[in-house]
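Written out below as C-alpha cells is the structure these notes cover.
The values are calculated or read from the model by the stated rules, or taken from the named source; none is laboratory data. Nothing here was measured: the structure is a model prediction, and the numbers come from that model. Every residue, glycine as well, gets a Cβ built from its backbone with ideal geometry; the counts of neighbours run over all protein chains shown. Accessible surface areas use protein heavy atoms only, side chains included; no ligands, DNA or RNA. Shrake-Rupley method; radii C 1.70, N 1.55, O 1.52, S 1.80 Å.
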Amino acid sequence: MSDTTQQPARKERNAWFEADARLKRRHLADKRLRAYGIAAIVFALGMLATLVGTILVTAAPAVTQTMVTFEVEVPEGSVDPANPSGGSYQTMLNASIARIFPDVDTPRELRELRQLFSNGGQYQLRDKILANPSLIGGTVSITFPLSDIGDQLHKGVIDRNLPPDFRRVNDAQIAWYDVLVERGQISTPLNWGLILNADSRFPELAGLRGALVGSFYALLVCFLVSFPVGIAAAVYLEEFAPKNRLTDLIEVNINNLAAVPSIVFGLLGLAVFLNFFGMPRSAPIVGGLVLSLMTLPTIIIATRAALKAVPPSIREAAIGVGASKMQTVGHHVLPLAMPGILTGTIIGLAQALGETAPLLLIGMNAFITAAPDSMFNPSTALPTQIYIWADSPERGFTSRTSAAIIVLLGFLVCMNAIAIYMRKRFERRW
Amino acid sequence: MSATSLLAIVLILSLIGYLWGRASAASLKSTGQGMHSIPAYHGYFIALSCGIPAFLLVLVWLAAQSTVIDTLLIAGLPAHITDGVETSRMSLILSEIKSIAGGRIFGTPDPALIAAAERYNALRGTASLAMVVAALAVAIAAMSFARSRVSPEFRARNRVDGILRWILIVCSILAILTTLGIILSLVIESMAFFSRVSVFDFLFGMEWSPQIAMRADQVGSSGAFGAVPVFWGTIFISAIAMFVALPVGLFSAIYLVEYADKRVRSFVKPLLEILAGIPTIVYGFFAILTVAPFIRDLGTSMGLSVASNSALAAGGVMGIMLIPFISSFADDAISAVPQSMRDGAYALGATKAETVRQVLLPAALPGIVGGVLLAVSRAIGETMIVVMAAGLMAKLTANPLEGVTTVTVQIVTLLIGDTEFDSPKTLAAFGLGLVLFITTLALNIVALQVVKRYRERYE
Amino acid sequence: MASFETTMEAGTAMNETVKDAAASAAAVMPVGHETKISATKVSVFYGEKQALFDVSIDIPARQVMAFIGPSGCGKSTFLRCINRMNDTIDICRVTGTIAIDGADIYDPKIDPVLLRARVGMVFQKPNPFPKSIYDNIAYGPRIHGVAKAGSQMDEIVETSLRRAGLWNEVKDRLREPGTGLSGGQQQRLCIARAIAVNPDVILMDEPCSALDPIATAKVEELIDELRERYTIVIVTHSMQQAARVSQKAAFFHLGNLIEVDETERMFTNPRDQRTQDYITGRFG
C-alpha cells in the first residue's frame, strides 16, 4: 500500500454528532426540496379543486328549471279537430296570460311581459291537444319554462336590488314576476329538460338529447371498428408477426400514431371521409370512424400488454396437446387476456368520448334541434355541444355548459370506474 | 335495401354456410372416413369464404359509389351547364342536383337540373339494387365453391388458420394505412395550397390574415399567408405551458417518489392523474370562465392592460393540463433508478435532497427529457384550450398579457363551417396541419427513442 | 502498493478446505483490539414481523468481523442497523442500543447523515453512480465538504483508488463512466468510494456474491489490507470466504445471534449444535 498523501484531519471524534453550519445548510436544502414538492402538489390539486369547484358552482343553477303553470282555455272552434296542429296556440296562451295581467295593454308592455316566458309554451299546448283532441273546448293546464331572464331572476342570478340600468329585467317585469309567485304559478322542478330536450337557441329549452344520442352513435361506431381491428392487429403483432422490418415499422407507427395531435385526425377525416369518399357531413358515423382511428393505437397497446402478461407456459401447454397456433390464441391466450383488453378499450373509449377537435372539423358542431334518427344524420356530440354552448352569448348557457360538462365528466368517471373495477377484479398474478 | 341490412344478410348467409359445411363434413365422417379436420372447421371455412368476399365487395362498392355516380351525372349533363365550369362550381351544381333529388327545391331550377336529379335518383336506385345482387351472387357462388372442397382429405383447419392470419395482418396494416392516409391527405391538399402561395412566403412570411374577400372589390381583399406569427404564438403558448407544468410536475414527482409515505402517494397519485383524464374542452371552458377573468382582474388592479384572451391564460391552463403528464413520466423515470443507487448515496451520508439532485435526477434525466418532449408535442398539438381561450389575431409579441394565436386555432377557424375545398383559405389549414404533423412527429420519434434507450439501460 | 500478482494464490485458496483456509487466516490475525461497536439487545421489526431478536455483540476495532448464517437469518438486517440504513425503510423499527466509540447511534441527537459518513457501506451488487470514475469517488467528500474541487480532491481520489487497489487499472480513464468497468472493478470502485469519506467502519453486505472467483479473490485480498485502518464487518454466505478474510465470526440463525468467536475457533470447534450443523453443511 503506497500512501502518498495524508487525508484532511477528521473532525473531533467525540463531537461527531454535533451538526456544524454546513450540515445545517444541507438539511435546510433537504427541507426546501420537500417544501417545493408539497407546494407543487398543493398547487396541482388546488387547481383540480378550483376547476371542479367552479364547474359545480356554475352548474348549480341549471339543476332546476323555473317553470310557470297556466290554465289555458281552448275554445271550441279555435282548433280544427281535423288538423289540430294548425291551431294558433300562442294566441290562446297569450289570452290566458292577459287574463292574469288585465292592465297590461300597450304593445311595448305586452312584449316585455312575454319576454318573461319561454316560447316553448305554445308547443307544449299543441302537443297536449294533439295527444288528446277531446280537450278542445275545455281548459288545459300547461307547465312550461320561464325565459332565460325569468329563470335567472327567480334563481337570484339577476340581482333585483341593482338599479334598473344594471340588470336585464325592468321594474315592471319584476312586478309581474312577483304576481306570478304570489299566485303560486311558479315552480322549480328538477331540470329534466337538460337531458331530454334537443338543442335550442333558447337556453331554457336547450338540452343534451341530440348530443347524447350523437355521442352514443359515434362511440358505437368507434367501438365496432376499433375493438375487433385493434385486437386483431395486437394479436398478430404479439403472437404471429415475424421480427422483420415491416413489423418494426408497424410498431413504431402505432406508438407514434398514439401521440399524433387529435386535430390531425380531424384533417384526415375531412379530407378522406368527407371529401374523398363523400360521406355525410356532421354525421356520427364519420365522427365514429375518426375516433376509432384515434382509439386504435390505445387498444392495440393495451391488448399487447395484456397478451404479454399471459405466461408462455399456457401457450406451451396448448401447443403441447396439439392445438394450432391460432387455436392456442383463440381458445386460451385471448380469453385470459380479455379483462386487460376490455379495461384498455374502456379507457380508450372514455378518451374518445371527451375528444372535441376532430369532431369540430367534420362539422359535428352544427346547430341541430332534433336528436339524430340514425348514425347517418347530422348531429352534435357531447363535447361539441359543450363547445357550442360555451360560445353562446346568453347567460343561461353558462350554467348549462357547466351542467353539460358535469354530465360528460359523469360518463367519464363511470367508464373509468368500470375499468378500474375490472382491473382490480380480474387482475391475475401468475 | 340499406347497406346495414345487406351486411346482415351476408352474415346470415355465412352462418348458413357454416351449418351447411359442418353438416356435410359430419355426414362424410359418419360414413366412417377419416377426416383431416373436424367438421366445425369445414363449416368455418365455408362461412369465411362466403362472408369475406361479399363483405369486402359491399365496402368497396359503398366507397366508390358516390364518386362513380357523380362522374356519370356530370357526363350526362347538357353542354350549356358543364361548359367552362370550374371544379368548385361543379360541386355546387352537384349538391344542388342532390338537394333537388332529395325533394328540397329552392326557386325554379334549370329543367336540365331537374332531369339530372331524376337521373340521379334512378342511378342511385340502380346502384343499390346492383350492389345487393352482386353481393348476394358473390356470397352464394363462393359458398358453393367452398362447399365443393369439403372432402376427407381437405385441410380445412389449416386453411381457416391461414385466412384468419391474413385478416390479422390486414388489421395491423391498417395502422400504417392511417399514417399513410394522414400524410397523403395533408401533402396533397398542401400541394394545392403551395401552388397558390409559395412555400417560402408561407414559412417565412411575417403577416397572417387569411380572410379572402368574398367580393373582388371588397376592401382588404388580399389574403396574407405568412405563418411566422402563428408559429410564434404556438411556441409562446407552449413555452408558458411548460413553464407551469415542468417545475410543478417535476417537484411533485420528486416528492411522491422520494419523500411521501405510501399512504400519501396512493392517495395523491390518482388525484393527479384525474387532471390528465379531464377532456381538454373542460379546460378550455375553465380558462374562459375562471382563469382568464382572474388574470385580467389581477392585471387591471396592478394597472396593466390584459387582453381577455391573453396568452398567459391559455398557456397557464394548458400547463395545468400537462402537470400529470410530466409528473408521471418523471415519476416512472425516478422510480426506475435502481434502489442500489439510493443505497449507495445514503451509505455515503448523502441527504435525500443530495441523493435526488446529484444521483437520481442525472440518472433519470433521459426518461424525464423524453417525457418533456412528449409534453411539448402535446402542447403544440393541443387544440380546444387555445381555440376557446387564445386569440384569433396573429401577433408577434412576447407579452404574455396580449392575445396570440396558434396553429391549431387557425386550422379550426379556417375550417369550421366552410365546406368549400378549393379556396386558399381552406387549403392553408392543411398547410398548417402538415407543419403541425411533421413537428409533433419529429418530437415524438425523438422522445420515444430517448425513453426507449433509457428503459433498456435499466432492464 | 501490494498489487494483485497474488491472484493465482488466492484462486487456489478457493479450493482449499474450510479448515485450511481458516487456519491460514488465523495465522495473520492480530490480537488484543479494543471494542469499536457495541450492540445491546437490538431487535428489528418490519411492521408486525420481528426480524431480529435481542442481538448483543461487541465488534473489535481494526479487525474483520464476519456475519454468517443461512439466508433470512437477519445478518444483513443487523448490518444495516449499524449505519441506520434501515431508516430508509418506512415500516422498519429498531429497538435496543448500538454504540460506536461509546456513542449511541440511535440517539435522536445523532444525525444519520454524519453517522453514515463514519460508517461506510458496500453492497451486494456493485452500484457505481452513472457518473465518471472520478466523480464517483469525489461524490462523498464533496457533499460532506471535506474537500473542494481541485488538487485536494485529486489527492483524495488518488489515495482512495490506491487503497482500493484500483489506481493502476483506472488512472488513465478517470473521466470515463464508472459503469463501464468490470464487475470486480466496479465493486472495488464502490469500496474506494466508501473509503474516500474517511470512515472508521466499513460494512460489507455480501460484497463478492455478484463477482467471479478471480474478482472475488482481489476483493478479499483488499479487505485483508483494509483492516489495517478500518473496522470491517462483512456479511457473507460463503464460509470459505469468512474463513479467509475474517478474524472473528458471528453466527446468526432465525433472527438470533447464536455465537460469536474467533473465526478459527468457531470453524474448528463450534460451541452450538446449530453452528456445527451449518458449518458442516447440514442446512443453509
> (1) over 20 Å from the mean Cα position of the chain (by Cα); (2) open to solvent by 60 Å² or more (accessible area, probe 1.4 Å); (3) touching a residue at least 40 places away in the same chain (Cβ under 8 Å): which one isn't true of C:Ser71, the others all being true?
Replying inline: (1)
> Restricting the search to the range C:136-161, which residues are open to solvent by 10 Å² or more (accessible area, probe 1.4 Å) and either among the aromatic types (Phe, Trp, Tyr) or more than 9 Å from every other protein chain (Cβ to nearest Cβ) (or both)?
Replying inline: C:Lys148, C:Ala149, C:Gly150, C:Ser151, C:Asp154
> Which of the strands (runs of 3 or more DSSP E) contained wholly in the range C:12-108 include at least 1 residues that are modelled with pLDDT of 85 or more and within 18 Å of C:Val245 (Cα to Cα)?
Replying inline: C:49-60, C:64-68
>> Give me the residue from the range A:141-160 that is modelled with pLDDT under 85 and more than 21 Å from A:Ser200 (Cβ to Cβ) and, out of that set, nearest to the chain's Cα centre (by Cα).
In response: A:Gly156
>> Checking the condition touching a residue at least 24 places away in the same chain (Cβ under 8 Å), open to solvent by 40 Å² or more (accessible area, probe 1.4 Å) and among the basic types (Lys, Arg), which residue from A:Arg245, A:Arg209 passes?
In response: A:Arg209
>> Take the residues in the range A:70-107 that are of a type in the set (Ser, Thr, Tyr), in contact (Cβ under 8 Å) with a residue 24 or more places away in the chain and under 28 Å from A:Gly184 (Cβ atoms); name whichever of them is most open to solvent (accessible area, probe 1.4 Å).
In response: A:Ser78
> What residue, among those in the range A:15-46 that are more than 7 Å from every other protein chain (Cβ to nearest Cβ) and at pLDDT below 75, is surrounded by the fewest Cβ atoms within 10 Å (Cβ to Cβ)?
Replying inline: A:Ala15
> What number of residues in the range C:162-206 are closer than 18 Å to C:Pro130 by Cβ, assigned to a helix (DSSP H, G or I) and open to solvent by 40 Å² or more (accessible area, probe 1.4 Å)?
Replying inline: 2
> Among the residues of the range A:363-415 satisfying the criterion of being more than 9 Å from every other protein chain (Cβ to nearest Cβ) and acidic (Asp, Glu), which is nearest to B:Leu289 (Cα to Cα)?
Replying inline: A:Glu394
> Do you know which residues across the range B:295-326 are assigned to a loop (DSSP other than H, G, I, E, B) and open to solvent by 10 Å² or more (accessible area, probe 1.4 Å)?
Replying inline: B:Met302, B:Gly303, B:Leu304, B:Ser305, B:Val306, B:Ala307, B:Ser308, B:Asn309
> Of (1) under 15 Å from B:Arg119 (Cα atoms); (2) among the aliphatic types (A, V, I, L, M); (3) touching a residue at least 12 places away in the same chain (Cβ under 8 Å), B:Val58 satisfies all except one. Which?
Replying inline: (1)
>> Condition first: among the acidic types (Asp, Glu) and at pLDDT 90 or above. Now tell me which residues in the range A:325-373 satisfy that.
In response: A:Glu355
>> Return the pair list, or none, for Cβ contacts closer than 8 Å from residues in the range A:345-370 that are within 25 Å of A:Ala234 (Cα to Cα) to residues that are of a type in the set (Asp, Glu) and buried (at least 21 other Cβ atoms within 10 Å of the Cβ), at least 6 apart or on different chains.
In response: none
> Which of the residues that make up the range B:255-294 are in a helix (DSSP H, G or I), without any contact (Cβ under 8 Å) to a residue 40 or more places away in the chain and more than 7 Å from every other protein chain (Cβ to nearest Cβ)?
Replying inline: B:Arg263, B:Val264, B:Arg265, B:Ser266, B:Phe267, B:Pro270, B:Pro293, B:Phe294
> Of all residues in the range C:94-135 being of a type in the set (S, T, N, Q) and more than 21 Å from the chain's Cα centre (by Cα), which is farthest from the other protein chains (Cβ to nearest Cβ)?
Replying inline: C:Thr95
> Any idea which of (1) of a type in the set (A, V, I, L, M, F, W, C); (2) within 10 Å of another protein chain (Cβ to nearest Cβ); (3) over 29 Å from B:Ile69 (Cβ atoms); (4) surrounded by 18 or more Cβ atoms within 10 Å (Cβ to Cβ) is the one A:Leu267 doesn't satisfy?
Replying inline: (3)
> Of everything in the range C:74-93 that's among the hydrophobic types (A, V, I, L, M, F, W, C) and open to solvent by 10 Å² or more (accessible area, probe 1.4 Å), which residue is farthest from the other protein chains (Cβ to nearest Cβ)?
Replying inline: C:Cys92
> When only residues in the range B:30-45 that are in contact (Cβ under 8 Å) with a residue 12 or more places away in the chain and part of a helix (DSSP H, G or I) count, which is farthest from the chain's Cα centre (by Cα)?
Replying inline: B:Pro39
> Considering only residues of the range A:145-190 that are assigned to a loop (DSSP other than H, G, I, E, B) and under 13 Å from A:Val68 (Cα atoms), which is most open to solvent (accessible area, probe 1.4 Å)?
Replying inline: A:Arg183
>> Just to verify a result, which residue in the range B:180-199, among those that are surrounded by 21 or more Cβ atoms within 10 Å (Cβ to Cβ) and among the hydroxyl-bearing types (Ser, Thr, Tyr), is farthest from the other protein chains (Cβ to nearest Cβ)?
In response: B:Ser190
> Taking the range B:347-372 as the search range and keeping residues that are open to solvent by 10 Å² or more (accessible area, probe 1.4 Å) and more than 10 Å from chain A (Cβ to nearest Cβ), which one is farthest from B:Met321 (Cα to Cα)?
Replying inline: B:Gln358
> Across the range B:390-409, what is the number of residues that are hydrophobic (A, V, I, L, M, F, W, C), surrounded by 16 or more Cβ atoms within 10 Å (Cβ to Cβ) and away from chain A (no Cβ under 14 Å)?
Replying inline: 3
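Residues checked against (1) modelled with pLDDT of 90 or more; (2) among the hydroxyl-bearing types (Ser, Thr, Tyr); (3) under 27 Å from B:Leu11 (Cβ atoms):
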| residue | (1), (2), (3) |
| --- | --- |
| B:Thr108 | no, yes, no |
| B:Ala112 | no, no, no |
| B:Glu118 | no, no, no |
| B:Ala139 | no, no, yes |
| B:Val150 | no, no, yes |
| B:Glu153 | no, no, no |
| B:Arg159 | no, no, yes |
| B:Leu168 | yes, no, yes |
| B:Leu186 | yes, no, no |
